[in-house]
Amino acid sequence: MAPNFPLMTASDAASLAGVRPGTIRNWRYLGYITPVASRTSRYPLYDIAEVLATCGRRGCTRELCAAAAAEHDLEDVLLRGMLVNAA
């Protein structure tokens with residue numbers, strides 16, 4: 001069963017993935033990622049696992065993105081990344 005991570009805005013997802021928010025919006029426009037519908041926010045929210053996997057498939061070599069693209073041990077890598085970025 002896939003872990004249930006919080007949905008993120010383009011800015012937050014971009015920060016964790018190491019790209020600019022405009023990149024997230026461009027990936028949405030190109031159909032690489034799809035925002036998750038949310039009634040609690042007026043901004044599109046994204047599944048961070050999908051964003052990181054897309055980043056990894058687009059050639060990013062960061063540990064988070066590579067693990068997401070390879071789909072192995074993603075939960076552990078994501079949790080470590082969120083803790084590092086929160087500090």
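The values are calculated or read from the model by the stated rules, or taken from the named source; none is laboratory data. Since we're looking at a predicted model, the values are computed, not measured. Please note: Cβ atoms are built from the backbone with ideal geometry, for glycine as well, and neighbour counts cover all protein chains shown.
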Open item on the list: Could you tell me how many of the residues in the stretch 19-61 are touching a residue at least 24 places away in the same chain (Cβ under 8 Å) and closer than 17 Å to PHE5 by Cβ?
Closed with: 14
- [ ] Could you tell me which of the residues LEU45, LEU30 is within 13 Å of THR9 (Cα to Cα) and either modelled with pLDDT of 85 or more or surrounded by fewer than 11 Cβ atoms within 10 Å (Cβ to Cβ) (or both)?
- [x] LEU45
